[in-house]
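Written out below as structure tokens is the structure these notes cover.
The values are calculated or read from the model by the stated rules, or taken from the named source; none is laboratory data. This structure is a prediction, so every number in the text was calculated from the model and none was measured. Quick reminder, even Gly has a Cβ in these numbers, built from the backbone with ideal geometry, and neighbours come from all protein chains shown.
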Ligand SMILES: Cc1cc2nc3c(=O)[nH]c(=O)nc-3n(C[C@H](O)[C@H](O)[C@H](O)COP(=O)(O)OP(=O)(O)OC[C@H]3O[C@@H](n4cnc5c(N)ncnc54)[C@H](O)[C@@H]3O)c2cc1C
């Protein structure tokens, strides 16, 4: 847009007050920059504040050590490369692993509390206030053979009584701390303000943005840089149709402000995008998953069920086209602690596998072969096909049940996940192509002067696979780098 008069001036303008934006703001203000965060909602927080709050960190953090786990940056690197391939961003992973201990210390200095206790349960986040858990299948095949297993899901401490899973948990605690430290450092926050346009000078440098608040536009000059951090694009069907069409119609994880606006702002000034088809895909709750076998439309298993539940979901969704079923016996179903079953009910219950496969519509005899083979080896604590850990192996016995996990396009909100089919739920992982320093790159791989980005507006650590904690992990880690780079930019 052509130059115009400015309504306000700052050194660094941050667009979006989630974990990426607030980490950028804290680091930019620590580097003596005058920082303004514009946030579209009535308060900062975004999806980050709704999250379970797991932060992927390792290399021997004080919490890992206190809980008795050995780890190193090298083992963490080996795991992350394997877990996020194909398409793993090696430069980002290297920076992330080398900087992980420093990042933990930074979060602690920001007032984020971590309790040195290990959660060994199977839920996707600790129900209480434990501070550490396995969050990416590090201790399951094949990752336990690729890198020395260590739990790296660090969970900000939130008193159990104050926690409401999916509404107010450790992510809320993280954002509370980042918001407080930002305010103490003099970061200004302007809520109910949406960035709609970037301002570029004659040399192609991004020098500000047009923002709208209560129907009025104003133009804010950013003397050193603009940081884009408005989340992902799971709630923009047009962008999904363009980049990740398989996700259309499925449940989404995030807020409806994940409309890809800040990705499109970057694209409007020539930014490249990366891994736009990458998404998470969750299908089944881990406490029942590890007590079941998961089978495809041919009645065959396709992954070890003790693997990270997100990876199982990705395998079911991407490799099996969502045609998957959980098969269990009564003993397995009943052994899930009641508070961990979350209302899941069998779609079918039958005395024999032959009856069950008929109900499921699986080819006659196929599931019988699968269960016979599984049982024969489970008897000896073995799973020659997928190497599920012996502690989760036991022959299944009548009566049997199954849950239909087949994709069910249509309703998109979580409350529609019950009924005969389960939608897969997801959030997007692709976004603006950035350097490990948080600079936004153009289609030639060159930095766009004055433009920085972080969080799910960017393509970060996860690409061809995900581990819980990687989104807030890379949002905060590379958010700091984006904010610091912007503050130093002239
Ligand atoms: C229930 C739940 C549980 C989760 N659990 C985990 C977990 O344990 N660990 C993990 O790593 N990830 C988890 N995730 C995913 C993770 O929370 C998000 O991917 C991550 O927080 C995204 O951070 P962000 O800063 O990029 O975006 P957000 O936190 O969403 O922040 C973006 C902000 O930008 C604002 N915004 C958008 N557009 C504009 C605009 N044009 N102008 C101004 N403001 C704008 C939005 O209103 C929002 O406040 C979970 C998500 C949910 C919903």
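In the stretch 110-133, which residues are free of Cβ contacts under 8 Å to residues at least 40 places away in the same chain and under 15 Å from residue 52 (Cα atoms)? Passing the criteria: 119, 126, 128, 129, 130.
So, restricting to strands (runs of 3 or more DSSP E) that lie completely within the stretch 291-391, which ones have at least 2 residues that are farther than 24 Å from residue 136 by Cβ? Outline the logic, then answer.
Numbers: elements: 293-296, 324-329, 348-350.
In the stretch 291-391, 324-329, 348-350 are the strands (runs of 3 or more DSSP E) which contain 2 or more residues that are farther than 24 Å from residue 136 by Cβ.
For residue 217, the stated conditions do not hold, so it cannot be described as part of a loop (DSSP other than H, G, I, E, B) and touching a strand residue (DSSP E or B) at 6+ places or on another chain (Cβ under 9 Å). When residue 212 is tested against (1) in contact (Cβ under 8 Å) with a residue 40 or more places away in the chain; (2) in contact with a strand residue (DSSP E or B) (Cβ under 8 Å, 6 or more places away or on another chain), exactly one condition is not met: (1). Just wondering, is there one or more residues in the stretch 242-260 that are on the phi > 0 side of the Ramachandran plot and away from the ligand (no atom under 11 Å from the Cβ)? Checking the stretch 242-260: at least one residue is on the phi > 0 side of the Ramachandran plot and away from the ligand (no atom under 11 Å from the Cβ).
Here is a yes/no grid of residues against (1) touching a strand residue (DSSP E or B) at 6+ places or on another chain (Cβ under 9 Å); (2) modelled with pLDDT of 95 or more; (3) closer than 13 Å to residue 430 by Cα:
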| position | (1), (2), (3) |
| --- | --- |
| 235 | yes, yes, no |
| 240 | yes, yes, yes |
| 251 | yes, no, no |
| 262 | yes, yes, yes |
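Return the residue satisfying two criteria in turn: it lies in the stretch 124-138 and is crowded, with 23+ Cβ neighbours inside 10 Å and either in a loop (DSSP other than H, G, I, E, B) or at pLDDT below 95 (or both), and of such residues it is nearest to the ligand (Cβ to nearest atom). Reasoning before the result, please.
Just the residues of the stretch 124-138 that are crowded, with 23+ Cβ neighbours inside 10 Å, to begin with: 125-126, 131-133, 135-138.
Filter once more, keeping what is either in a loop (DSSP other than H, G, I, E, B) or at pLDDT below 95 (or both): 125-126, 131, 135-138.
Details: 125: 6, 126: 11, 131: 13, 135: 8, 136: 11, 137: 15, 138: 15 Å.
Selected residue: 125.
Within the stretch 11-44, the set of residues being within 6 Å of the ligand (Cβ to nearest atom), touching a helix residue (DSSP H, G or I) at 6+ places or on another chain (Cβ under 9 Å) and closer than 16 Å to residue 168 by Cβ comprises 18, 19.
Among residues belonging to the stretch 265-275 that are more than 9 Å from the ligand (Cβ to nearest atom) and either modelled with pLDDT under 95 or assigned to a helix (DSSP H, G or I) (or both), point out the one that is farthest from residue 442 (Cα to Cα). I'd like the intermediate steps shown before the answer.
Initially, the stretch 265-275 is screened for residues more than 9 Å from the ligand (Cβ to nearest atom), giving 266-275.
If we keep only those that are either modelled with pLDDT under 95 or assigned to a helix (DSSP H, G or I) (or both) too, we end up with 266-268.
Values: 266: 9, 267: 9, 268: 11 Å.
The residue in question is 268.
Looking only at the stretch 211-226, decide whether some residue is within 14 Å of the ligand (Cβ to nearest atom), within 25 Å of the chain's Cα centre (by Cα) and closer than 30 Å to residue 165 by Cβ. Within the stretch 211-226 (the criterion being within 14 Å of the ligand (Cβ to nearest atom), within 25 Å of the chain's Cα centre (by Cα) and closer than 30 Å to residue 165 by Cβ), the answer is no, since none of the residues qualifies.
With respect to being within 26 Å of the chain's Cα centre (by Cα), closer than 30 Å to residue 406 by Cα and surrounded by 22 or more Cβ atoms within 10 Å (Cβ to Cβ), residue 171 falls outside the description.
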